[in-house]
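There's a structure below that I have some questions on.
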Amino acid sequence: MRIPDFSRRTLILGTAAATLVMVLLVALVVPPTRDGVLDAWCDLTEAGCPGPRGAEPDASGRLLRMPPEEAATWGNYVALGDSYAAGDGAGDYIPDTVGDGGCWRSSNAYPEKIVEENDFAGELGFFACSGRKGSAMLESLGSGDAQVEQVTRYTSLVTIGVGGNDLGFSSVLQTCMVRVPLLESSACVGQEDDLSERMDTFEETFEELLAEIRGRAPDARIIVTGYPRLFPVEPQSMYYTLTTNDQLWLNEMTQRFNKQLKDTVAEADADIVGDDETGSVEFVEVYTALNGHEISAEEAWINGVVWRDLRNGVTVDRSTFHPNADGQTAVGDRVQQQLEDGPERPLYATRALVESANPEVLASEFE
């Protein structure tokens, strides 16, 4: 009797069926969590697994797989960035940070909230500063006063929000707000080409900035915050001299810039995974964090127009269009959620480094 040949199609279907059975068995014996199913699948197949698979445990034990919160809190926390990260506009400023040229760091800023909600083994290094540009953060390297140089190898968490000043947002705002005649015109939206060029320039700056931070703290989780939407999704009327069209345009530019930041972050983190490295780079979407509480809302979580020194001409104060204390809390909630959830992949740190992070060593990093 002749035994029938198995066709290629039959073999493929048989393999697919066997794989499906394996997946179902995994789902039955493993707790129904994303990590549990992923780990079981990786153990069975050794394929399609993100991150340095097999690093914990492995022959050398060099790397340590950590839960998201633990991966963020085993060391020191360094907060970097511009006025949105410093809390300018949120009141309760740290005394030695106020005045002309000051950083205007607020005790209501989201980095302070993150410290309150988590048990860090180390301390908070709060270095975000109003008016800071990403380009200036790079140019100041080696000066001893650079924000980035405050990041050390015992840094387990870095939060950074930067870019608005590189785009010249203050000058864009000034052009939008102070114009004659105060009617519908292209004075605001007509700045898009220049703004686009500055976005393109900042993309490279931001890539270099992330690389510098990673170089100093390769085991840290780096959490990048975007910028919140300033105006309602559908503005109902003018706001001072800003037409509804101006408001929609400002929202659109904010969203576009956030996407650029997010894409850059995704590429940086993909490189970490691809090279089987420790740490992470993650993006926090805060564009909708003030939803329902934008500028002109009855209970706004962001400052509207704040005029400064009218005796010497019309000048928009630096805290204009910056989150107030409630707004900083809303942003902090998004950052905290990311800290707890982590990226959609395993997190690793160098075992020897984590185990050597005792209180004395951590404290010495800020001396």
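On the given criteria, is residue 146 modelled with pLDDT under 95, assigned by TED's automatic domain parsing to the domain that holds residue 198 and within 28 Å of residue 270 (Cα to Cα)?
Yes, satisfied.
I've got another one for you. Of all the residues that make up the range 185-204, how many are farther than 15 Å from residue 171 by Cα and touching a residue at least 12 places away in the same chain (Cβ under 8 Å)?
Count: 3.
Given the conditions (1) closer than 18 Å to residue 318 by Cβ; (2) at pLDDT below 95, and given that residue 103 satisfies all but one, which numbered condition is not satisfied?
Among (1) closer than 18 Å to residue 318 by Cβ; (2) at pLDDT below 95, the lone unmet condition for residue 103 is (2).
Tell me yes or no: at least one residue of the range 113-127 is assigned by TED's automatic domain parsing to the domain that holds residue 261 and in contact with a Cys (Cβ under 7 Å, 6 or more places away or on another chain).
Scanning the range 113-127 turns up no residue that is assigned by TED's automatic domain parsing to the domain that holds residue 261 and in contact with a Cys (Cβ under 7 Å, 6 or more places away or on another chain).
Would you be able to tell me the number of residues in the range 320-341 that are assigned to a loop (DSSP other than H, G, I, E, B) and acidic (Asp, Glu)?
Here the count works out to 0.
Moving on. Does at least one position in the range 176-188 carry a residue that is part of a helix (DSSP H, G or I) and of a type in the set (Val, Ile, Thr)?
no
Considering each residue of the range 93-124, count those that are without any contact (Cβ under 8 Å) to a residue 40 or more places away in the chain, farther than 29 Å from residue 74 by Cβ and in a loop (DSSP other than H, G, I, E, B), and give that number.
The number of residues fulfilling the criteria is 5.
Let me ask something else about it. Test residue 90 against the stated conditions and say whether it is modelled with pLDDT of 95 or more, part of a helix (DSSP H, G or I) and under 20 Å from the mean Cα position of the chain (by Cα).
no
Okay, residues lined up against (1) of a type outside the set (Ser, Thr, Tyr); (2) crowded, with 21+ Cβ neighbours inside 10 Å:
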{"residue": "132", "(1), (2)": "yes, yes"}
{"residue": "147", "(1), (2)": "yes, yes"}
{"residue": "150", "(1), (2)": "yes, no"}
{"residue": "155", "(1), (2)": "no, yes"}
{"residue": "170", "(1), (2)": "no, no"}
{"residue": "187", "(1), (2)": "yes, no"}
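Between a residue in the range 67-88 that is of a type in the set (Phe, Trp, Tyr) and any residue that is crowded, with 24+ Cβ neighbours inside 10 Å, which pairs come within a Cβ distance under 6 Å, given they are 6 or more apart or on different chains?
Sorted first by the residue in the range 67-88, then by its partner, the pairs are 74/156; 77/157; 84/161.
Another one. Can you report the number of residues in the range 213-272 which are buried (at least 16 other Cβ atoms within 10 Å of the Cβ), touching a residue at least 60 places away in the same chain (Cβ under 8 Å) and part of a helix (DSSP H, G or I)?
13
The values are calculated or read from the model by the stated rules, or taken from the named source; none is laboratory data. Keep in mind that this is a model prediction, so the values were computed, not measured. Quick reminder, even Gly has a Cβ in these numbers, built from the backbone with ideal geometry, and neighbours come from all protein chains shown.
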